[in-house]
Every structure is written in C-alpha cells, then in structure tokens.
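Asker: Here's a structure for you.
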Amino acid sequence: MGVLSFDIFCRVVDNLGDIGVCWRLARQLAQPPHRHAVRLWVDDLHSFSRIAPQLRTWDVSQRIYDVDIVHWTGHSPIVQPHAVVIEAFACDPPRSFIDAMSEQGSLWINLEYLSAENWVESFHGLPSLQPNGLRKYFFFPGFTPNTGGLLREPGLLAARDQWLADPQQRVDFLKSVNVPDEQLRRIEQGARLVFLFCYPDAPAKALVDGLIREEHPTLLLIPQGVYPSLAGHQNRYVHIHQVPFVDQTNFDLLLWSSDLNFVRGEDSLVRALWAGKPFVWQIYAQEAGAHMIKLQAWLDLSGYPAGVQALMRQWNLGDELAVSTEITAALEPRSWKQWQDSCKEFTEKLAEYTDLAYCLVDFCTQKQRSG
Ligand SMILES: Cc1cn([C@H]2C[C@H](O)[C@@H](COP(=O)(O)OP(=O)(O)O[C@H]3O[C@@H](C)[C@H](O)[C@@H](O)[C@H]3O)O2)c(=O)[nH]c1=O
C-alpha cells in the first residue's frame, strides 16, 4: 500500500472519547509502519491536553508524534485538503473546507461510533451521495471481520506480555502514579488492584460495599475527578487512591497493572479488551435506553459467563443491590477463573482480526484506485 495523506476532524462533544479515538488513530496512521501524512483538527485543545500532556493549548498548530495538530476554530487557516478527509462521528467539517475538498477530489470518510449490533456489518463501507459529487463513505469500527475493526497498535499484545512478565515494571509504574509505599507492599503481598473509570451515575458505592464484604485487601485506583465522592467510602479492606490523568500509553499501563478494570465509553473499552484482564464496561448512555440494546449485542459476542454478563447489565442499569452481591459472586475463585479465561479468549479472538488503521488504509486505497 502506498503513502496516503489524511485530514482528521474532531469535535470534542463531551468527555474524552472523541479525541481519544482520533488521537490514537492519527498517531497510528502517522507512525511506522504506516507513515502517512496526518493533520488532526481539534476544536478543544484543553480536553485534548488531558490525555496528551505535551500539547501546547495556546498554539494554533504544532507537531507531536509526527501528527500535525491544528486548533480547529472559526479562523483556522485555509489549506489544501489531503487526499483523504476523515470526519469523526459526523462532526461537520467547515463548508469552505468541503468546497476545497470538492476541487481537490478528496475522499471523504465518516468514521462512526463503535457498536456490536448486527446492522453495522451491512452499513460499513456504504457510500453517502453528496450533491457536490464528492465521494463520501461510512466507516464503522466493529468486533467482526466484516466491519472496520478495532484500533490496535502493531505489536501491542506482545508489548503487554513483555511488560507483565517483569513485575518490577508494574511496581515502578504504580510508584510513578503516586501509589504510596504502604499500598505497594499490600499489593506485593497479594492485595487486589482494581481500576475504576466510570460515569458519575455508576453504582460505585455498591461496588465498594461488595468489595468490603469480601474482606479481601483491595486497592481501588480512580482517576482524579472521576467519582470524587467515593473517597470517604473506604475501610481497612478497601483502600481508595486517586491517580493523576495520564497519557494514552500510561493509561494502558494502568489497565495492564490492575486485576480488574472498570471502563466506559468507547476507547477505554477497547483498551480493556487488549489488556486481556477481567473488566466491567459502562456504555455511554443514550436516549430511551438504546445503549442497553448495544450493550446486549456486545455481550452476545463476548462469550463471558452469565454472571459476568448480568453484572455488566446491572452496572449499567445502576442496580446497586444486585451489583454489590453479584461482584462478590464474580470474584469467588471458580467464577473469577472462568471470568479470566473468557476474557483471554475473547481478546485473542478479536486480535486475530485486522486492526482499524489497516482496514481504513486498505479501504481508502481501494476507493482511490476505483476512482
Ligand atoms: C482516565 C484516562 C483516560 N484516558 C483516555 C482513554 C480514552 O482514550 C479516553 C476516554 O475515552 P472513552 O473511554 O471513550 O470514554 P469517555 O466517556 O471519556 O468518552 C465518551 O465520549 C462520548 C462523547 C462518546 O459518545 C462515548 O462513546 C465515549 O467515547 O481517555 C487517558 O488517556 N488517560 C487517563 O488517565
């Protein structure tokens, strides 16, 4: 495949998922083995800087990890569009830019949200007719080979295994996110490490109650600003520690370090999958409970034990009573082993499929050839 050039437009609607996905994709396309020219337009550099601390929020343009980053404002510079323009999550590139794309004959891709629903396979890759003659296509990420796949950097799983094979790396990393020595000693003596990244309506207090009832020493790591009210809920079994926001590489290390992860949205779900550890997913809520249909479609593919699937539904429904009892049951040694095995299996199956960046490059190359 030859070298392509991409513009990626990202509007930060809320939270970090939009920029999380775009930044990961941009870096992957720009770096080896792909090495395409990539320009990333982002309307909110402040949110972006939470997951990319080296970003200069006051700069209109800058280059990081071989990606040209442009602050997308009403006054963004007029430039020639690249051969492929990716509009993330229907974020509406500026009219003047679309006109320039038309002159340039750019290929226009609408990168959609991730879903495991069946219809995704039939909508992936469909054209969307444009009055100005531009070629625009829907590109759907997904969990099956007939979709656009999942973002996964080359060699990610091997890097994870190498990192996990050296326990000192975990200790050093946990020190770097300020886990106190006393807690590190507890972990070395067998305390469980749980990472919690959730929305404010998650039944997190019920989770802590369940963990306390289990009477197994546990360290619960929570990113700063996520569920601050939980801090007062610890006791001698469950200790809560706030970790700073880290970049996406270190975010993986948080997931790899933990025995059990709680993740949310879109990108952290995929990272938890690649971690290969047991996790509970809180899906981004939609109107009229549409997200519960999406959650079930994904659970149907997962092959996770029935108790784990029930726990995920209860976590998403905010069913406190059920969560506090179901978590204890899921951590009971036999269930825990089944949960661990099913996670490894699902991760290995998904890792056999082509990753999103390759699927995208392949798709764009084919469309360019067919003119
Ligand atoms: C806590 C933390 C997160 N992250 C990253 C991981 C992910 O890339 C990103 C979080 O994104 P998500 O996991 O998708 O969860 P989110 O809830 O922040 O994003 C959501 O935004 C909505 C607008 C979308 O519609 C949702 O589908 C979803 O993507 O933040 C770090 O890099 N460092 C950190 O310390």
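The values are calculated or read from the model by the stated rules, or taken from the named source; none is laboratory data. Keep in mind that what you see is a predicted model, and the values were worked out from it rather than measured. Ideal geometry is used to build each Cβ from the backbone, glycine not excepted, and the neighbour counts take in all protein chains shown. Please note that ligands, DNA and RNA were not included when accessible areas were found on the heavy atoms of the full protein model with its side chains. Shrake-Rupley method; radii C 1.70, N 1.55, O 1.52, S 1.80 Å.
Asker: Kindly indicate whether L220 is among the hydrophobic types (A, V, I, L, M, F, W, C) and either closer than 20 Å to S324 by Cβ or open to solvent by less than 10 Å² (accessible area, probe 1.4 Å) (or both).
Answerer: So L220 passes the test.
Asker: Checking the condition over 30 Å from H241 (Cα atoms), surrounded by fewer than 17 Cβ atoms within 10 Å (Cβ to Cβ) and at pLDDT 95 or above, which residue from L126, L156 passes?
Answerer: Just a single option satisfies the conditions, and that option is L126.
Asker: Could you check how many residues of the range 223-266 are assigned to a loop (DSSP other than H, G, I, E, B), open to solvent by 50 Å² or more (accessible area, probe 1.4 Å) and away from the ligand (no atom under 14 Å from the Cβ)?
Answerer: 3
Asker: Could I ask something else about it? Looking at the range 198-209, can you tell me whether even one residue there is of a type in the set (F, W, Y), touching a Ser or Thr at 6+ places or on another chain (Cβ under 8 Å) and at pLDDT 95 or above?
Answerer: If we filter the range 198-209 for residues that are of a type in the set (F, W, Y), which is where we start, we get 199.
In the following step, the residues that additionally are touching a Ser or Thr at 6+ places or on another chain (Cβ under 8 Å) were identified as none.
No: zero hits.
Asker: Of all residues in the range 38-89, which are of a type in the set (G, A, S) and either open to solvent by 10 Å² or more (accessible area, probe 1.4 Å) or not assigned by TED's automatic domain parsing to the domain that holds R11 (or both)?
Answerer: First, pick out the residues of the range 38-89 that are of a type in the set (G, A, S): 47, 49, 52, 61, 74, 76, 83, 88.
The answer is S47, S49, S61, G74, S76, A83.
Asker: Sort out which residues of the range 304-339 are basic (K, R) and within 24 Å of the chain's Cα centre (by Cα), and write them in order of number. Can you show your working first?
Answerer: So the first thing to find is which residues in the range 304-339 are basic (K, R), and the list is 313, 334, 337.
The answer is R313, and nothing else.
Asker: Answer yes or no as to whether D355 is at pLDDT 95 or above and open to solvent by 40 Å² or more (accessible area, probe 1.4 Å).
Answerer: In short, no.
Asker: Could you tell me whether any residue of the range 15-22 is modelled with pLDDT under 95, part of a loop (DSSP other than H, G, I, E, B), away from the ligand (no atom under 16 Å from the Cβ) and open to solvent by 50 Å² or more (accessible area, probe 1.4 Å)?
Answerer: The answer is no, given that none of the residues of the range 15-22 is modelled with pLDDT under 95, part of a loop (DSSP other than H, G, I, E, B), away from the ligand (no atom under 16 Å from the Cβ) and open to solvent by 50 Å² or more (accessible area, probe 1.4 Å).
Asker: When you go through L207, L301, L219 one by one, which is the residue that is over 17 Å from the mean Cα position of the chain (by Cα), assigned to a strand (DSSP E or B) and away from the ligand (no atom under 16 Å from the Cβ)?
Answerer: When all the criteria are applied, what remains is L219.
Asker: Residue under question is R271, and the condition is that it be under 13 Å from the mean Cα position of the chain (by Cα), among the basic types (K, R) and part of a helix (DSSP H, G or I); does it hold?
Answerer: Taking the combined requirement at face value, the residue satisfies it.
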